[in-house]
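The values are calculated or read from the model by the stated rules, or taken from the named source; none is laboratory data. These numbers were taken from a predicted model, which means no experiment stands behind them. Note that each Cβ is placed from the backbone with ideal geometry, even for glycine, and that neighbours are counted across all protein chains shown.
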Protein chains: 2
Amino acid sequence: MVSYTEENYLKALFKITFESGTNEAGTNELATHLTVKPATVNDMLKKLKEKALVDYEKYGKIRLTGNGKKIGLEIVRKHRLWETFLYEKLEFSWDEVHEVAEQLEHIQSPKLIEKLDKFLNFPEFDPHGDPIPNTDGELKVQFKKTLSEIEIGDSCKMVAVKDNSSPFLQYVVNVGLSLHKKIKVLSKQEYDAITVIEVNGKKSSVSQKFTDNIFVV
Amino acid sequence: MVSYTEENYLKALFKITFESGTNEAGTNELATHLTVKPATVNDMLKKLKEKALVDYEKYGKIRLTGNGKKIGLEIVRKHRLWETFLYEKLEFSWDEVHEVAEQLEHIQSPKLIEKLDKFLNFPEFDPHGDPIPNTDGELKVQFKKTLSEIEIGDSCKMVAVKDNSSPFLQYVVNVGLSLHKKIKVLSKQEYDAITVIEVNGKKSSVSQKFTDNIFVV
DNA sequence: TATATATGTTAGGCTAATCTAACAAATAAA
DNA sequence: TTTATTTGTTAGATTAGCCTAACATATATA
C-alpha cells in the first residue's frame, strides 16, 4: 500500500521529472516542491526505494521506476478529473479548484474515478488547460510555448497556465485572460522584460514571471 | 484543528450517543465501533477532553459537548451527501456507497459541501433512508420501527436500513427489498424468531438479525 | 587546483495514533 | 457480601512523518 504522503511524493516527482525533460530530480528540489526539509525527503526516499518506486543512490539523482511513475500519473489523473468536476458541475471558479482537488486526489476507489470520468464525458483537459491522463496513462500532449517566447507584434492563443495558485489565477482573470483567449504582444522592455499585451482590446503590462507562466499556441 | 482520526471518533460518538438515546457512550463500546483497542480510545479521550469536544471523567461515561456534537453531525452530513452523490449521479449501487463515503466525508471545504448539497437539490434522505442533516444541523426525524416489531398479518413500508455494510445490503436486495417497498409479515417462529415475509409476491424466511436491521413505517 | 557555495546525508528528537500487558474499578452473580 | 466478570486505565513500546543541527560530498568560481 502507498500512503497519502507517499502519493504526494510520487506526484511531485512525476511533475518535476516530466517537466524537466531529464527524468531526474534532486533532493532539495523535491523538498522545495513539497515544502518539507531535505532531511525529510531523504528519509522518504529510502522508503520509496525499498518499495521499488524510485531509483536512487546516495548523492545521486532521483528517478521514478515504472511503477512509481504509474502511481504518480494516477494521482495527476485524479487531481485533474476532480478539478474538472468542481469547475464544471459545482461551479467553482478556476482559482478555487486546485486546493480542494489536492485532497480529493487521494480518495482510493478505482471505480469512483472511472465513474467520474464517464460522468464528465471523458474530458481531455482540466480547467487550467492541463491534459488529463486516460485510464492507460496516456495524455494529449499539446505543442505549446510560454508567452515569453512570443515575438513583438505577434498574436497567440492561451491554452494553459503553469502556476495553479489562486493569486496568480486571479491576476490572470484581472487582465481579461482565460483559456482560449487571443493575446497580442505589443511591446517588450529589453531591460526587465516587462511586456505589454492586449486582450479583448484591453492593454496590460505584465512581468516576466507572468509571461513565463502562461502557455500559448 | 480537528484531525482525520478525531473526526472519526466524534462521528462514532455522535452515532452511538444519538442512537442509544441516553446520550452516553462507554470506552469499550467506542473501541468496538472504531475497531481499535480500549487503550487507544482512552488516550484519544484525553485529547478530545483537552479540546473541549467531550465531557468525561475517569471511569465515567463519555458525552459530547456542544461543539463535539456539532462536528460529529457535520461529518454525518458530509457522509450522507456523498453517498447520495455516488448513488444518484455516479450510478453506484447502494451497497457500494458507504465505503467510499467514509473517505470523502473528511474532505475539508465548506464551500464544496454546500455546492454539492445544491447540486443534489438539497436531499433529505440518503440512499439507505437515513436523514441528511441540513446546514444548521437539523434533520428530518422519521417515526419508524424495526421490522421485528410488526405483527403477523400486518403490512408495512421499508424506509431505512440500520446496517450499511455491503453483505447485509446485498442480502436485502436478494429478498427483493429496496427503499419504499411494501412488506407483509406472514408468520413468525416463536422459538427462534424466523420470520416469513412477502415482497412483491415473493416469500422469504429471514432471521431476527435481519428484521432488526430493517426500519419500516 | 584550491576554495567557496550548493546540495545531500546522518544522528537524534518530537508528535499522533496505535499496540500489548498489567492493573484498577465497577458491576453482576453466586 | 464476597467473588467473578466486565469495563476502563496506565505504562511502555512502535511506526510514520516530520524537524534541527552537524557533517559530507559535489560543483562552481577564483
Practice task
Could you list, in sequence order, all residues of the stretch B:91-123 that are without any contact (Cβ under 8 Å) to a residue 12 or more places away in the chain and crowded, with 19+ Cβ neighbours inside 10 Å?
Solution key: B:F92, B:L112
Practice task
Test A:L90 against the stated conditions and say whether it is over 14 Å from the mean Cα position of the chain (by Cα) and hydrophobic (A, V, I, L, M, F, W, C).
Solution key: yes
Problem - Hits in the stretch A:190-206 (condition: free of Cβ contacts under 8 Å to residues at least 24 places away in the same chain and exposed (fewer than 15 other Cβ atoms within 10 Å of the Cβ)) - result: A:E190, A:Y191, A:D192, A:G201, A:K203, A:S205
Problem - Some residue of the stretch A:172-183 being closer than 22 Å to A:N8 by Cβ and either out of contact with any helix residue (DSSP H, G or I) (no Cβ under 6 Å at 6 or more places or on another chain) or more than 14 Å from chain B (Cβ to nearest Cβ) (or both) - result: no
Practice task
Could you please let me know if A:E7 is of a type in the set (D, E), within 12 Å of DNA strand D (Cβ to nearest atom) and at pLDDT 95 or above?
Solution key: yes
Handout entry: Complete set of residues in the stretch A:114-124 that are facing chain B (nearest Cβ under 10 Å) and on the phi > 0 side of the Ramachandran plot
Key = none
Practice task
Return yes or no: is B:N67 free of Cβ contacts under 8 Å to residues at least 24 places away in the same chain and either among the charged types (D, E, K, R) or not in a loop (DSSP other than H, G, I, E, B) (or both)?
Solution key: yes
Exercise for the section: Could you grab me the full set of residues in the stretch B:18-51 that are hydroxyl-bearing (S, T, Y) and either more than 13 Å from DNA strand D (Cβ to nearest atom) or farther than 18 Å from B:P131 by Cβ (or both)? Expected result: B:T22, B:T27, B:T32, B:T35, B:T40
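Okay, residues lined up against (1) touching a Ser or Thr at 6+ places or on another chain (Cβ under 7 Å); (2) assigned to a helix (DSSP H, G or I); (3) more than 10 Å from chain B (Cβ to nearest Cβ); (4) modelled with pLDDT of 95 or more:
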| position | (1), (2), (3), (4) |
| --- | --- |
| A:L73 | no, yes, yes, yes |
| A:V76 | no, yes, yes, yes |
| A:E83 | no, yes, yes, yes |
| A:W94 | no, no, yes, no |
| A:E99 | no, yes, no, yes |
| A:L112 | no, yes, no, yes |
| A:P127 | yes, no, yes, yes |
| A:P133 | no, no, yes, yes |
